[in-house]
Structure formats: C-alpha cells, structure tokens
1. Given a Förster distance of 22 Å, report the FRET efficiency between Gln245 and Asn225 from their Cβ-Cβ distance, rounded to the nearest 0.05.
2. Could you work out how much longer the chain between Ala197 and Ser90 gets when fully extended? Use 0.36 nm per residue separation minus the Cα distance between them, nm to one decimal.
3. Quick one: putting +1 on the C-beta of Lys and Arg, -1 on the C-beta of Asp and Glu, what dipole do you get for the range 151-293 around its Cα centre, in Debye to the nearest 20?
4. Enumerate the calculated ³J(HN,Hα) couplings along the range 159-171 in order (Karplus 6.51 cos²θ - 1.76 cosθ + 1.60, θ = phi - 60°), each rounded to whole Hz, writing x wherever the residue is Gly or Pro.
5. State to the nearest 20 debye the size of the charge dipole of the range 7-170 about its Cα centre, where the only charges are +1 on K and R beta carbons and -1 on D and E beta carbons.
6. Report the Stokes-Einstein translational diffusion coefficient (µm² s⁻¹, integer) for the chain, Rh taken as the Kirkwood radius over Cα pairs, at 37 °C with viscosity 0.692 mPa s.
7. Could you give the dipole magnitude of the chain about its Cα centre, charging the beta-carbon of Lys and Arg +1 and that of Asp and Glu -1, in debye to the nearest 20?
8. Looking only at Val23, Val161, Val132, which one moves most when the chain is put into a Gaussian network model with springs between Cα atoms under 10 Å?
Amino acid sequence: MPHPNMEGVADAIVEIAYAKVNVALHVRSRRDDGYHALESLFVFAGDGDRLEGQATQDGAIDLIIDGPFGAGLGAGPDNLVMRAARALQSYLGQQRGAAIRLTKNLPVASGIGGGSADAAATLRLLARLWDVRIEAEELAGLALDLGSDVPACVASVTQLVTGRGEHLARHAVEGLEGLPMLLVNPGVGVSTASVFAGWDRQDRGPLDAGSLDALVRIGRNDLENPAIAVAPVIADVLAALERTQGVVLARMSGSGATCFALFETDDALAQAADAIRWTHPAWWVMETRIKGA
Ligand SMILES: C[C@@](CO)(OP(=O)(O)O)[C@H](O)COP(=O)(O)OP(=O)(O)OC[C@H]1O[C@@H](n2ccc(N)nc2=O)[C@H](O)[C@@H]1O
Ligand SMILES: Nc1ncnc2c1ncn2[C@@H]1O[C@H](COP(=O)(O)OP(=O)(O)O)[C@@H](O)[C@H]1O
C-alpha cells in the first residue's frame, strides 16, 4: 500500500536496508571513550527492511512504519530514519522534505543492525531523492555520528571492520558471497550496551579473515557469552542451528540475539528452516543468501 502522500505518484523510489551479519566479531579492548575496539567481518543479507520515499516541498520529514516488526517502533525523532534525515538536512543546510514509508521486516535490537541499515538506507534514499552528491568522507562522518555500524551499512558489501566501526576495508573471502544463510531470532530484544558491558575484558586474539575455513575454525563472536548471560535462549538457538543437516557455520551476529547459519546448498537451507519452524514455531526465521557487491 503506498504512503498516503505517495498515492498516484510515479516517482517514489526504494532502497533496501540490508540485514548485517558479523561472520566473526573479535573484541580486542575497551577504549578510553567507552567504546570497544573490534575486528569483524561484516557481510550483508540479500534481504532486509524496505524504505520507499518521495520528495516533498514543505521541508518536513514524514515517516510512517508498517511491516511485521513495525508495531513496536515509534516514528518519532529518535527513529534512526528520522535522525539520518535530520542529519542530512542540517549537513546540506537546506530544509528539503520527504515522505518515507519504512517497512520493518527485521526484528528490532537484534544484532543484525536493522536500525543502522535503516539509517544508512535513508542517507542513500534521500541523496537520490534530493539529487545531491556527498563526498565519501563527509558521508562516513555523518554515518558514524548515527551509530558504530552505520558506516559499514552505507555500502552494504562484505567488509573488514575495525575500530569502533569507522575503519572499513572491502574484503573478499573466496566462497563466502552467495552462500545460503539462515537467520533465527528467538523474540527477545537485547541491548547492545549491556552486552558490551558484560564482556570479560579478555583479549582472545586477532581475527583471521583470510579464508572461509579460518573464519569457521578460529573465528569467534566474543559477545556470545555475555549475550547468553542476558538472554539464555540464545544458547538454544545456537544448539538448534548446530544440529541442522549440512551446516557450515552457526554463530551469533553482533550483540544478539539473532544467530545465523551458513549452508552449502539451497536444499540444506530450506530443510534447516523447516526444521527450526517445526520445532520452534515462535522464533523468527529468514531464509536468505550472503549478498555480493
Ligand atoms: C555489536 C555490533 C557489531 O556489529 O552490532 P549490533 O549488535 O548493534 O548489531 C556493533 O558494534 C554495535 O554498533 P551500533 O549498534 O551501531 O552501536 P552504537 O549505537 O554505536 O553504540 C551502542 C552502545 O554499544 C556499545 N558499543 C558499541 C560499539 C562498539 N564498538 N563498542 C561499544 O562498546 C557502547 O556502549 C554504545 O553506547
Ligand atoms: N528504524 C529503526 N529500526 C530499528 N531500531 C531502531 C530504529 N530506530 C531506532 N531504533 C533503536 O535502535 C536500537 C538498535 O536497533 P537495531 O539496529 O535493530 O539493533 P542492533 O543494533 O542490535 O542490530 C533499538 O533499541 C531501537 O529502539
């Protein structure tokens, strides 16, 4: 259904806010500014939230939200779509307006960066709608002010991410992009700040993202244990994914509670999704694939 302000309008445009997955997430230290220094391989799913927008003349940003996870999310000034739009308006120094519909397909506060991806997709959407070019460095600064994960979500391609999320390097891993991927969330929202606060401050060593094999064998998510302490059901999700046939890797993403599993074949993915839906009908399950460039 179109946004009320978009009815009959031909030039509404769409951006997808692709779900982010941390294939591995090594926490190396706690910085003096309170953030943690990370080493993480970010990949993106081929699916996510959907943003549809149309330029308006009155300078206002008008946001409406629908979709399966829309009900729990306010459309007020704290919404990351609104924050991104305001940040871009003030950067441009002009009050251009837009009517935006966010279709919230991703669970909120779930370690797959839905809010961060929405913020980044809003920047892309409005730059297209308002026909403005923003220098890459300026865009990265705007994005980081909105959240540590937002810079990586701007390009939404496989990247090695370090620092608190500001250092990005495009990083190819043979055999990774295109792999079938299952995302599973048990329906509990987890606060990123509380999970980081539970990290035991043990540096378990650097990330080796040189091959898929290294990522599987020696890659870790150092936030799994603190997240399980906050939400014990995450251990059940991991156990359920590890039990599926043909699984290459099962791990938690970000600060949780969403976990992911990678498979070699579409059949293995479909069978695993069916098995999880059958045994845990209340869990959210998304069948997708790691997005390429
Ligand atoms: C853990 C990660 C891994 O990709 O993903 P999510 O679980 O959010 O998806 C990210 O680092 C989350 O990034 P993001 O969700 O943008 O976090 P921010 O809004 O910047 O920060 C929220 C809070 O998390 C903590 N934080 C975040 C990032 C970081 N490198 N160190 C931290 O300690 C801080 O307590 C901060 O106040
Ligand atoms: N558009 C949005 N989508 C999701 N969460 C949002 C949005 N705007 C603001 N938030 C807030 O941002 C926080 C982080 O959300 P999200 O990015 O989905 O999770 P995570 O950082 O764990 O991946 C949530 O607590 C939520 O209230």
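FYI, it's all coordinate maths here, none of it is from the lab. What you see is a predicted model; the values in this text were computed from it and never measured. Heads up, the Cβs are rebuilt from the backbone with ideal geometry, glycines too, and the neighbour counts pull from every protein chain shown.
1. Working: r = 27 Å, r/R0 = 1.22.
That gives a FRET efficiency of 0.25.
2. Details: separation 107, 0.36 × 107 = 38.52 nm, distance 3.29 nm.
Extra length from Ala197 to Ser90 when fully extended: 35.2 nm.
3. Dipole of the range 151-293, to the nearest 20 debye: 300 debye.
4. Karplus-based 3J(HN,Hα) across the range 159-171 equals 9, 8, 10, 10, x, 7, x, 8, 9, 10, 9, 4, 9 Hz.
5. Values: 15 positive and 21 negative charges, 78 e Å.
Computed about the Cα centre, the dipole is about 380 debye.
6. Numbers: Rh = 19.5 Å.
The Stokes-Einstein estimate is 169 µm²/s.
7. On the way: 24 positive and 36 negative charges, 74 e Å.
Magnitude of the dipole: close to 360 debye.
8. It is Val132.
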